[in-house]
Amino acid sequence: MAQYAIGDVQGCFDELLALLEKLSFNPDIDTLWFVGDLVNRGEKSLETLRFIKNLGDSAITVLGNHDIHLLLAANFPERVKRKDTLQAILDAPDCDELLDWLRQKPLFHYDEKLEIGLLHAGLPPQWDLAQTKVMAKLGQQALQTDDYANFLAQLYGDLPDLWSEDLHGIEQLRFIFNCFTRMRFCDENGRLDFKNNGELGSQPEHLQPWFEIKNRKTADVKLVFGHWAALGFYVKNNCFAIDTGCVWGRELTALRLDDGSFERISVLANS
């Protein structure tokens, strides 16, 4: 009854199958936690999405920025980008079914027994675990409304970039989604930065990775996340980064969760 977290797949379906074979994954007894970005940039986003959906309760998925972008592109075709590899999904006969399944997924998952949280990108230092759950729920509810396309049309933007209890409506939701799906660096007050996405040390002096901010209120919570390919596999301060850049020709990584070992298991891209 193993549980594994898996880094950003991004349509790298063949590597996902190779990784699951290496894990001896059995969907009848094992569970996979996906950190989001199931799709885009890789060549087999449709196959990836169908496969993970069909795993049913054997897969737990949170949403990443590329998954949100897929939902946006499906409703606003003019927002499709040149480098996107989403057209096979958009043309598929089961597209609506796949998108409906995807937009039911949460921004954050927390396992009370394992005491481990799963998210795509990051958390501001002001949120503790309880508030993180509340904020994630607000975001999930916004995606599940009948008018979710109108919500997505207003979602994109870099502001507000600092948490405040005074945030409401679309500004609050934009901040929530930017944290869970986009953030990497921020300043000591938690002000988000979206200009820097490189390796640690490449950022300006006033910026730090979100998980190293002093007095972060989730510092005692074990968190597994992806999104940051330039960071690679990284373990520090109860945080486990597992996006090892498969879509960029590197590796797809799994992290063993259930036995406390946090063992890393990886396969090479194009394996």
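State all residues of segment 221-239 that are surrounded by 23 or more Cβ atoms within 10 Å (Cβ to Cβ) and among the aromatic types (Phe, Trp, Tyr); if no residue qualifies, say none. Within segment 221-239, PHE225, TRP228 qualify. Exactly one residue out of ASP37, ASP8 is part of a loop (DSSP other than H, G, I, E, B), crowded, with 24+ Cβ neighbours inside 10 Å, on the phi > 0 side of the Ramachandran plot and among the acidic types (Asp, Glu): that is ASP37.
Selection of segment 240-263 for residues being more than 23 Å from ASP67 (Cβ to Cβ) and surrounded by fewer than 16 Cβ atoms within 10 Å (Cβ to Cβ) yields ASP258, ASP259, GLY260, SER261, PHE262, GLU263.
For CYS179, the criteria (1) buried (at least 17 other Cβ atoms within 10 Å of the Cβ); (2) modelled with pLDDT under 95 hold in every case but one, which is (2). A single member of GLN140, GLN144 is surrounded by 18 or more Cβ atoms within 10 Å (Cβ to Cβ), of a type outside the set (Asp, Glu) and farther than 20 Å from GLU212 by Cα, and it is GLN140. For segment 114-149, the candidate set comprises residues that are part of a loop (DSSP other than H, G, I, E, B) and of a type in the set (S, T, N, Q); within that set, the residue that is nearest to the chain's Cα centre (by Cα) is GLN144. Meeting the requirement of 2 or more residues that are more than 21 Å from PHE13 (Cα to Cα), the helices (runs of 4 or more DSSP H) wholly within segment 65-113 are 65-75. Would you confirm whether any residue within segment 191-206 is of a type in the set (S, T, N, Q) and under 21 Å from ASP128 (Cα atoms)? Within segment 191-206 (the criterion being of a type in the set (S, T, N, Q) and under 21 Å from ASP128 (Cα atoms)), the answer is no, since none of the residues qualifies. Can you run down the residue pairs with Cβ atoms below 7 Å, 6 or more apart or on separate chains, where the first is in segment 186-215 and on the phi > 0 side of the Ramachandran plot and the partner is assigned to a loop (DSSP other than H, G, I, E, B) and surrounded by 16 or more Cβ atoms within 10 Å (Cβ to Cβ)? Cβ pairs passing all conditions: GLY190/PRO124; GLY190/PRO125; GLY190/GLN126; GLY190/TRP163; GLY190/ILE213; ASN215/PRO125.
For segment 16-34, a residue qualifies if it is surrounded by fewer than 24 Cβ atoms within 10 Å (Cβ to Cβ), not in a loop (DSSP other than H, G, I, E, B) and not aliphatic (A, V, I, L, M), and the qualifying residues are GLU21, LYS22, THR31, TRP33.
Condition test on LEU119, is it crowded, with 21+ Cβ neighbours inside 10 Å and either within 23 Å of TYR4 (Cβ to Cβ) or modelled with pLDDT under 95 (or both)?
When the stated conditions are applied, LEU119 passes them.
Against the numbered list (1) under 26 Å from ILE6 (Cβ atoms); (2) surrounded by fewer than 16 Cβ atoms within 10 Å (Cβ to Cβ); (3) in contact with a Lys or Arg (Cβ under 9 Å, 6 or more places away or on another chain), PRO209 comes up short only at (2).
The values are calculated or read from the model by the stated rules, or taken from the named source; none is laboratory data. Just so you know, these numbers come straight off a predicted model, no measurement behind them. A quick note on method: Cβ atoms are made from the backbone with ideal geometry, for glycine too, and the neighbour counts reach across all protein chains shown.
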